[in-house]
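Chemist: After the structure tokens below, expect a handful of questions from me.
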Amino acid sequence: MCRIDAAAKDAAVARLLREFPAAGEAGRDHPALSGCDSVAWSEFDGCPARIPELLRGLLDRTAATEAERVLCTVLMDGVFRMGPAMPAALPYLIRLTADPEVPVRSALLELLLVVAELSHPVDEGDERAVRLLGSDRDHPERARCRAVFADHADLLRALLDDGTPLAEPLRPDERESLLRAATR
């Protein structure tokens, strides 16, 4: 299966920060990002150390769209495959998505929907699903993401019910998937 290697991820982050030098400092004091500088991002296999700068880039109106694209590249190891840093990044993504002032809020909600879907347990008896997604024992990030969703269930419910317009309203199945991921 296609995988994005660590060198490509590092290069994408460096390119973004060269193109948008102020992005890494935007929103430094935003409460949604409290603690992100303390995470040992580079200890996650294939994860660049500069994740906090990418997260802050989501708050920079000029760089937000590109920062979101690069962040997805960095946090996903390929199609249908979350990287090991996703559970650590997820609390920040949820809190940023809950803020109506975040320029890429709708795109972040789409990412949360993908993560929620990929976090659901895989039926070990479904050979096709296991071949496509791998077994749960080989992907501990799924359970870790479910735990993060559960820890932030109140915030997710508030996000889904706050009435702030999104680029596209969520379909009932998308709401269900997100809320299901938030229940242990």
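The values are calculated or read from the model by the stated rules, or taken from the named source; none is laboratory data. These numbers come from a predicted model, not from an experiment. Note: ideal-geometry Cβ built from the backbone for every residue, glycine included; neighbour counts use all protein chains shown. Please note that ligands, DNA and RNA were not included when accessible areas were found on the heavy atoms of the full protein model with its side chains. Shrake-Rupley method; radii C 1.70, N 1.55, O 1.52, S 1.80 Å.
Chemist: Out of (1) 10.3; (2) 47.9; (3) 13.8, which label holds the value of mean projected area of the Cα convex hull in nm² that was computed here?
Modeler: (1)
Chemist: At most 12 other Cβ atoms within 10 Å plus a DSSP loop assignment makes a site exposed; report the longest stretch of the chain without any exposed GluC sites (Glu not before Pro).
Modeler: 1-100
Chemist: Could you report the chain's accessible area per residue, 1.4 Å probe, as an integer in Å²?
Modeler: Values: 9360 Å² over 184 residues.
Accessible surface, normalised per residue, equals 51 Å².
Chemist: Oh, and also: Going through region 77-159, which trypsin sites (Lys or Arg not before Pro) have at most 15 other Cβ atoms within 10 Å and a DSSP loop state? Please report the intermediate quantities before stating the final value.
Modeler: Numbers: sites: R81, R95, R105, R128, R131, R137, R142, R144, R146, R157; in loops: none.
Answer by residue number: there is no such site.
Chemist: Report, in debye and to the nearest 20, how large the dipole of the chain comes out about its Cα centre when Lys and Arg carry +1 and Asp and Glu carry -1 on their Cβ.
Modeler: The calculated dipole for the chain is roughly 160 debye.
Chemist: If you find the alpha carbon centre of region 120-146 and of region 38-96, how far apart are they in angstrom?
Modeler: 22 Å
Chemist: By how many nm would the segment from R180 to D123 grow when fully extended, if each residue of separation counts as 0.36 nm and the alpha-carbon distance is taken off? Before the final figure, lay out the partial values.
Modeler: Numbers: separation 57, 0.36 × 57 = 20.52 nm, distance 1.56 nm.
That pair, R180 and D123, stretches by 19.0 nm at full extension.
Chemist: Apply the Karplus curve 6.51 cos²θ - 1.76 cosθ + 1.60, θ = phi - 60°, to the phi angles in region 133-142 and return the couplings in whole Hz, x for Gly and Pro.
Modeler: With the stated coefficients, region 133-142 comes to 10, x, 7, 5, 5, 8, 9, x, 5, 4 Hz.
Chemist: On to the next question. At a 1.4 Å probe radius, carbon and sulfur cover how many percent of the accessible area of region 1-76?
Modeler: For region 1-76, the apolar C and S fraction of the accessible surface comes to 51 percent.
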